[in-house]
Amino acid sequence: MKPARILIIAGSDSGGGAGIQADIKTVTMLGGHAMTAITAITAQNTLGVQAVHPVPTEMVLAQIDSVVSDIGVDAVKIGMIGSAATAAAVAERLAMLEGVPIVFDPVMVSTSGSALADEGTIAAFERLMALATLVTPNIPELEALGGEEIAIRFATHVLAKGGHGAGPMLTDRLIGPRGVMKAWSNARIDTPHTHGTGCTLASAIAAGLGQGMDLVGAVERGRKYVREALSLAPGLGQGHGPMGVPLGFYEHA
């Protein structure tokens, strides 16, 4: 049986905790085949982002065209997009894929607080949201995008993540154009090593959709994967370190 083919459009994290590196690990651990279109190269570690070098838009598109034309795609995950021009061009390309689920993680700020999208890029996110099967913003990102109403406005689904909220419990809510579909509440895992949680969750959900799972099932499995990864964080670095890798998770999921 061939693995689900997951195209990841995102930036590279030199520290290996988030971005393309986290996406590849996640898709692989969940039994999928990860393919990439890198939108930016970052110099970053657990303390922050020291430098960002956007990949030219035409090169991002060339990567997408290369894998789509030969290998094919069962699902797409979008993370850090790099620039407004790239966001618009990627949206135009993805609109040509029929029936392929798209998970859009609207990355604006890194875990350490570094900005990863300017105002123009954030404004261009609208075209990607209109194509997405699911948008996965955290609390600040959801506010910047226009609130829960984006599910209605863009006829999409929104996983409103509660990790940035206060208190010992966190709640994630899956919202569709007709309102809340399901909510999950769990005790917060007390760890500073949360680098890459958003990337990992979005990639895990994309892998599930590419494998034929329904949206609720893909979200549930993705959340379980992230929570196990958080519990296995190896404690690397001096700041917000990477999560662990739940070996064998796919066989027991």
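Rounded to the nearest 20, the size of the Cβ-charge dipole of the chain about its Cα centre is 560 debye, with Lys and Arg at +1 and Asp and Glu at -1. Of the residues 181, 43, 137, the one whose Cα sits farthest towards the positive end of the charge dipole of the chain is 181 (charges of +1 on Lys and Arg Cβ, -1 on Asp and Glu Cβ, taken about the Cα centre). Say we join alpha carbon atoms closer than 10 Å with springs in a Gaussian network model of the chain; which of 14, 203, 185 then has the biggest fluctuation? Looking only at 14, 203, 185, the biggest GNM fluctuation is shown by 185.
Here residue 67 and residue 126 are evaluated by their C-beta separation; at R0 = 41 Å the FRET efficiency comes out at 0.95. Summarising the amide proton neighbourhood of residue 75: residues at separation of 5 or more, or on other chains, whose placed amide H is nearer than 5 Å comprise 5, 7.
What shape does the stretch 1-159 have by the C-alpha gyration tensor, where a ≥ b ≥ c are the square roots of the eigenvalues, rounded means a/c under 1.5, and otherwise prolate means a/b greater than b/c and oblate the rest? Note, shape of the stretch 1-159 comes out rounded. Rounded to the nearest 20 debye, the dipole magnitude of the stretch 6-85 is 220 debye, with +1 charges on Lys and Arg beta carbons, -1 on Asp and Glu beta carbons, and the Cα centre as origin. The residues of the chain expose, per residue, 43 Å² of accessible area to a 1.4 Å probe. Among 226, 107, 67, the residue with the largest mean-square fluctuation in a Gaussian network model of the chain, with springs joining Cα atoms closer than 10 Å, is 67. Distant-in-sequence amide contacts of residue 45, defined by a placed amide H-H separation under 5 Å and a gap of 5 or more residues or a different chain, comprise 50. For the stretch 21-36, backbone phi angles converted through the Karplus equation (6.51, -1.76, 1.60; θ = phi - 60°) give residue-by-residue couplings of 5, 5, 4, 4, 4, 5, 4, 5, 5, 9, x, x, 10, 8, 10, 9 Hz, Gly and Pro being listed as x. What the phi angles of the stretch 218-227 give under the Karplus curve with 6.51, -1.76 and 1.60, with θ = phi - 60°, is a coupling list of 5, 5, 4, 5, x, 5, 4, 4, 5, 5 Hz, glycine and proline written as x.
Annotation: amide H-H contacts under 5 Å for residue 36 (H modelled 1.01 Å from N, sequence separation of 5 or more, or interchain): 8.
Report the residue, chosen from 127, 93, 227, that carries the largest GNM mean-square fluctuation when the chain is represented by alpha-carbon nodes joined by springs under 10 Å. Ranking 127, 93, 227 by mean-square fluctuation puts 93 first. Selection among 122, 216, 194 by position relative to the dipole of the chain gives 216 as farthest towards the positive end (Cβ unit charges, Cα centre). Across the stretch 2-10, coupling constants 3J(HN,Hα) worked out from phi with the 6.51/-1.76/1.60 Karplus curve, θ = phi - 60°, read 6, x, 5, 9, 10, 8, 10, 10, 6 Hz, and Gly and Pro carry x. Taking 30 Å as the straight-line reach from the Cα of residue 2, the lysines in range (excluding those fewer than 8 positions away in the same chain) are 25, 77, 224. What a 1.4 Å probe finds exposed on the chain is 56% carbon and sulfur by accessible area, rounded to a whole percent.
The values are calculated or read from the model by the stated rules, or taken from the named source; none is laboratory data. Here the structure is a predicted model, which means the values were calculated and not measured. Methodologically, a virtual Cβ is constructed for each residue, glycine included, from the backbone with ideal geometry; neighbour enumeration extends over all protein chains shown. In case anyone asks, the SASA skips ligands and DNA or RNA and just uses the protein heavy atoms, side chains included. Shrake-Rupley method; radii C 1.70, N 1.55, O 1.52, S 1.80 Å.
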